[in-house]
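Q: Have a look at this one before I ask anything.
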């Protein structure tokens, strides 16, 4: 994930001297294309803000129109009990993910753990899978009919505690990644000076961890947001949560769009709090710790009791991979089953790949333009980043209600009635991933190179694409792949808005979990794992090549 969800620079940063002034010119000597960058940034920023806020504005309008008929639901106890349960589960999931991710990120990011890069890759891979797939694997292991299951293990799994355990294991890699990246980009001199008088473990606790606290905060926000929006795990494990209540009024037998709109109302203040925390505690400070590297980073050697971290790290990584192994074992069958599996899959794998790839491409376009401006400290980029982050933290049920109301009309049927509505939803929700990785990438490109090119007469487009983007194309490729995989893993957004006959693979697996043949469901899950593994492996290769250069 790189610095994927660490915010770009704060507003109000001071720009450097104008290139025409450095060359001894006057304002009259400004090149005619000097405002191209401002114009392009304005167009991209305006287009994204309109795209992202249109469903939200429609949702707010619907609260005064359609929502009035469902407001009586908010005077009952059950919606508030479900909301409290959802917040509690999301909070407990966040605590568990931090408890796993922070020490694991510290161990794999800074200490000499044998095979730590491979272990980190295996650990991170689980984050890019829909959490209900590992839940399915744990079911085949610990459910009543599972390989190791009995009544007691099944009762634990099908409970709020089971939801927390499954989601915590699945989302902990987000924290691990942010911690590892932040540690890798700290100024080495800070740790080297401390190592002269203290042991590595003490340096990590007293120096490294305090410096990366904003990255830890960002990781906690990511986990809490995704856990609050999670639909697949609670529904599969038969635990009633708030987002499932919204989903039931849009995609279930209790179809009541007015009540769904009303149920979105209590979530809005919660979103405001999350956004405020990101701005105040994460924001610019996270971006500051993911700046350019200042030199090589030799791994710290563990000593004494610290050596116990090695088997602990191996144990956590192996344990998190167990449900995937179980799914593969459950899906194993005769070769003839492959043809049956393909018939059950239908066009779902293609829909997943197409929608995720299209969304990643559009998101990267926004991310390149706005991320470049963010790395250069432009105020408008700060605004777009806030809107993009709002789209990410918005529970998928709320976003789905807004999209359904905004585009379910005759004039927009070319969007609403096709896979384009899924692409639009993914762009709204995951552009922040591409934007923040791009901002971090451009932050490592020396600004003087662009200033020199501007003095030489290069236009904004040439400076952006031929210099800034070209110098760290691998970073932008990683931004595309990360956004692509986020779209590939999405269930909560797609399940609400997919057009008939255009369901994604996550939706197909989710709808078959209850009544589909177990071997087929497990086989489709393995197909999804393989589809995710391909871009993940490509990203890992890119990073490895970049590291050697």
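A short reminder: the numbers here are calculations on the coordinates, not readings from a lab. Being a predicted model, the structure only gives us computed values, none of them experimental. FYI the Cβ positions are ideal-geometry reconstructions off the backbone, even for glycines, and counts take in every protein chain you see.
Q: How many angstrom lie between the Cα centre of region 452-481 and the Cα centre of region 35-63?
A: What the calculation gives is 24 Å, centre to centre.
Q: Residues of region 412-446 with backbone nitrogen within less than 17 Å of a virtual label 7 Å along the Cα-to-Cβ line of residue 57, please, listed as ranges.
A: Only 412, 428 pass the distance filter.
Q: Now a separate question. Sticking with the crude label model, points 7 Å out along Cα→Cβ, report the distance from residue 466 to residue 444 in nm, one decimal please.
A: For residue 466 paired with residue 444, the spin-label model returns 2.4 nm.
Q: Between residue 455 and residue 74, what is the label-to-label distance in nm when each label sits 7 Å out along the Cα-to-Cβ direction?
A: Distance between label points: 5.9 nm.
Q: In what sequence, highest mean first, do 141-152, 389-400, 508-519 appear when ranked by Cβ atoms within 10 angstrom?
A: 389-400, 508-519, 141-152
Q: Then there is this: Over region 420-476, what relative contact order in percent results from Cα pairs under 8 Å that are six or more residues apart?
A: 44
Q: For region 376-404 and region 148-186, what is the centre-to-centre distance using only Cα atoms, to the nearest Å?
A: A separation of 26 Å, based on Cα centres.
Q: On full extension of the chain, what length is gained from residue 161 through residue 64, given 0.36 nm per residue of separation minus the C-alpha to C-alpha distance?
A: 31.2 nm
Q: Report the calculated FRET efficiency for residue 148 and residue 340 (r = Cβ-Cβ distance, R0 = 35 Å), to the nearest 0.05. Before the final figure, lay out the partial values.
A: Working: r = 28 Å, r/R0 = 0.79.
Once the sixth-power term is evaluated, E becomes 0.80.
Q: So how much slack lies between residue 409 and residue 122, counting 0.36 nm per residue of separation and subtracting their Cα-Cα distance, in nm? Walk me through the numbers before you get to the answer.
A: Values: separation 287, 0.36 × 287 = 103.32 nm, distance 4.45 nm.
Net length gain for the segment: 98.9 nm.
Q: For residue 268 paired with residue 322, estimate the spin-label separation in nm (one decimal), with each label point 7 Å from Cα along the Cα-to-Cβ line.
A: It works out to 4.5 nm between the two label points.
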